[in-house]
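Colleague: Before anything else, here's the structure in question.
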Amino acid sequence: MPVAQSYRRVAHAALVALALTGLAGCAMDKEDAVRARVGTWITLGDTRYFKSSMDCTAGVFDVEGTRITSLITKARSVASGMALLKDGEAVAFDVKGLSPNAVSEQIMSKDLPQGIGVLSSGIAGKNCMTKTVKTAYLRALLDPDAVLMFDPDGNVMAVLDRRNERLYFARGTV
């Protein structure tokens, strides 16, 4: 009997270890897939940081110039961008004088459900960031020269930090 119990304990421990190993390997996004997705919006350089877990993804990429491609629709006002989002289009909110944070606040005040989608991706993505990355990301969110990009397909949020030539990617379970 003691041998059978010992065998069961070892087998149980092995199964638990395999399950945990499998969960640790699960990530919401792969770096190559993220680069392919946002790389259609802006020309990416090197990856500065990337982390993805089961409930969040964060990435920081150098950009080669700050020109936004024609493969994402640019909105010059919050209202026009919101209309595009409702149609399911990815949007770059290039609104003069408004930081990404101010844009998201306006979206929240005009359409709470739509605003929550934008806001929750940015907040959940922070859970995959180091303290240093969070600090730089916050600066970009508050910079009126930065551009908020959002794709409702997958709740993908990116912030183009023109001043530092970086793109911050954030996504979480919504």
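The values are calculated or read from the model by the stated rules, or taken from the named source; none is laboratory data. As the structure is a prediction and not an experimental result, all values here were calculated from the model. Neighbour counts run over all protein chains shown; Cβ positions are idealised from the backbone, glycine included. Accessible surface areas use protein heavy atoms only, side chains included; no ligands, DNA or RNA. Shrake-Rupley method; radii C 1.70, N 1.55, O 1.52, S 1.80 Å.
Colleague: Within segment 46-63, can you find the residues that are over 18 Å from F93 (Cα atoms) and surrounded by 16 or more Cβ atoms within 10 Å (Cβ to Cβ)?
Modeller: Y49, F50, K51, S52, S53, C56, T57, A58, G59, V60, F61
Colleague: Next question, about the same structure. What's the number of the only condition in (1) farther than 16 Å from R162 by Cα; (2) without any contact (Cβ under 8 Å) to a residue 12 or more places away in the chain that M82 fails to meet?
Modeller: (2)
Colleague: Do you know which residues across segment 115-156 are within 15 Å of K51 (Cα to Cα) and either at pLDDT 95 or above or polar (S, T, N, Q) (or both)?
Modeller: Those that are within 15 Å of K51 (Cα to Cα) and either at pLDDT 95 or above or polar (S, T, N, Q) (or both): S121, N127, C128, M129, T130, K131, T132, V133, K134, Y137.
Colleague: Check T43, T66 and return the single one that is modelled with pLDDT of 95 or more, polar (S, T, N, Q) and open to solvent by 30 Å² or more (accessible area, probe 1.4 Å).
Modeller: Answer to the selection: T43.
Colleague: Name the strands (runs of 3 or more DSSP E) wholly inside segment 70-174 in which the number of residues that are surrounded by 15 or more Cβ atoms within 10 Å (Cβ to Cβ) and under 15 Å from the mean Cα position of the chain (by Cα) is 2 or more.
Modeller: The strands (runs of 3 or more DSSP E) meeting that bar are 91-93, 147-151, 156-161, 166-172.
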